[in-house]
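Written below as structure tokens is the structure these notes are about.
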Amino acid sequence: MLNLSPQQADWLFALQRPWPLVARPLAVLAESLGTSEDALADFLDTLRAQGLVRRVGGVFDARRLGYRSCLFGARVGEGAALEAAAAEVCAVPGVTHAYVRGWPEGVTLGGVSAADYADFPNLWYTLSARADRFEDEAGRLAHLGACPFPALTRYKIDVVFDARTRGRDERTEYAAPRRPAPVSPPDAEGQAIVRRYQDDTEDPRAPFRPEDLPRLRAWQADGTLRRFALLLLHRASGFTANGMCCWRVPEAETDRFGRRLASDSDVTHCYARPFSEAFPFNLYAMIHKTSWQEGFDTFRRLTRAAELPEDGKVFFSTREFKKSSVRFFLED
């Protein structure tokens, strides 16, 4: 759990938001926060030493770089079968997230227990790859029998965690197309720029090459670069009860319900996805809380507040096997 002064909490919040695309971004941020560039750089070093920093770098929109991403869910049993399947999933470079999702063993809340989740997929992973190679990459794990759940509409993305209030600063995409048109990858120079900024920066005081800034600014304007910023390890920061809340709503009404959910500060990500016989839900909302009870209470509150069907479920992430960012243009 983070233990920050009010000033440090302000700094942490600002560092997670888009950094100015200038030669000395920390200096500009420091001026707006009433502190110094050295103080912010030292604070970043402290966060790293505490194991709270995922990276400081660019967050790119995979679709705008010619990539496809998809969520998959598989029912693979427990024990050794689960361990073996998770090891295979995590070995695929394009897999960025892999979790066990369901209900925490030994926990009963509101009459709900792990037995109520026995028939649902339990191993969930996200795969990202170049659009022209995606099917081949997905095929490497086809023997697991996972169902694909692509995002049809994104209602909320790119969340910043606020240690001051446990609230969020979020970006919504209310006008997102249901099936975005394929985009070609950038040219060789653009790909090189992406490779330079997709990993952890070596020098946060001067992270940019001057010649790259015009293109980075253009990408930020059109959404290719969502932000260049600090990415926090939210589990290490105290957000340990993370849940995928799911409901089945009429397909014609997904946008209406999705916008309701996206407007709630407790929702960190929100998507419409297709139905499946193995998983009969089509509206998904992620929540990040500090306890199972808080997560369950939040799920029930969201259901009531958005007037969603009462037969929805929250699938808690009970184990994290892998969490990383997509690394683009490294296949060769």
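Tell me, yes or no, whether the range 302-315 has at least one residue that is within 30 Å of Gln191 (Cα to Cα) and free of Cβ contacts under 8 Å to residues at least 40 places away in the same chain.
no
Reported count of residues in the range 270-288, each being free of Cβ contacts under 8 Å to residues at least 40 places away in the same chain, surrounded by 14 or more Cβ atoms within 10 Å (Cβ to Cβ) and of a type in the set (D, E, K, R), is 0.
Checking Asp10, Asp38 one by one, the residue that is acidic (Asp, Glu), out of contact with any Gly (no Cβ under 8 Å at 6 or more places or on another chain) and surrounded by 16 or more Cβ atoms within 10 Å (Cβ to Cβ) is Asp10 and no other.
Is it the case that some residue within the range 289-298 is touching a helix residue (DSSP H, G or I) at 6+ places or on another chain (Cβ under 9 Å), buried (at least 20 other Cβ atoms within 10 Å of the Cβ) and modelled with pLDDT of 95 or more? No, the range 289-298 contains no residue that is touching a helix residue (DSSP H, G or I) at 6+ places or on another chain (Cβ under 9 Å), buried (at least 20 other Cβ atoms within 10 Å of the Cβ) and modelled with pLDDT of 95 or more. Looking only at the range 58-77, which residues are more than 15 Å from the chain's Cα centre (by Cα) and under 19 Å from Arg196 (Cα atoms)? Those that are more than 15 Å from the chain's Cα centre (by Cα) and under 19 Å from Arg196 (Cα atoms): Arg64, Leu65, Gly66, Tyr67.
The residue list Ala262, Ala175, Ala188, Ala236 contains one member that is on the phi < 0 side of the Ramachandran plot, open to solvent by 70 Å² or more (accessible area, probe 1.4 Å) and at pLDDT below 95, which is Ala175.
Ala114 meets all of the listed conditions (1) closer than 21 Å to Asn282 by Cβ; (2) without any contact (Cβ under 8 Å) to a residue 60 or more places away in the chain; (3) open to solvent by less than 30 Å² (accessible area, probe 1.4 Å) but one, namely (1).
The values are calculated or read from the model by the stated rules, or taken from the named source; none is laboratory data. Given the structure is predicted, the values throughout are model-derived calculations rather than measurements. Heads up, the Cβs are rebuilt from the backbone with ideal geometry, glycines too, and the neighbour counts pull from every protein chain shown. To get the accessible areas, we keep the full protein, side chains included, count just its heavy atoms, and leave off ligands, DNA and RNA. Shrake-Rupley method; radii C 1.70, N 1.55, O 1.52, S 1.80 Å.
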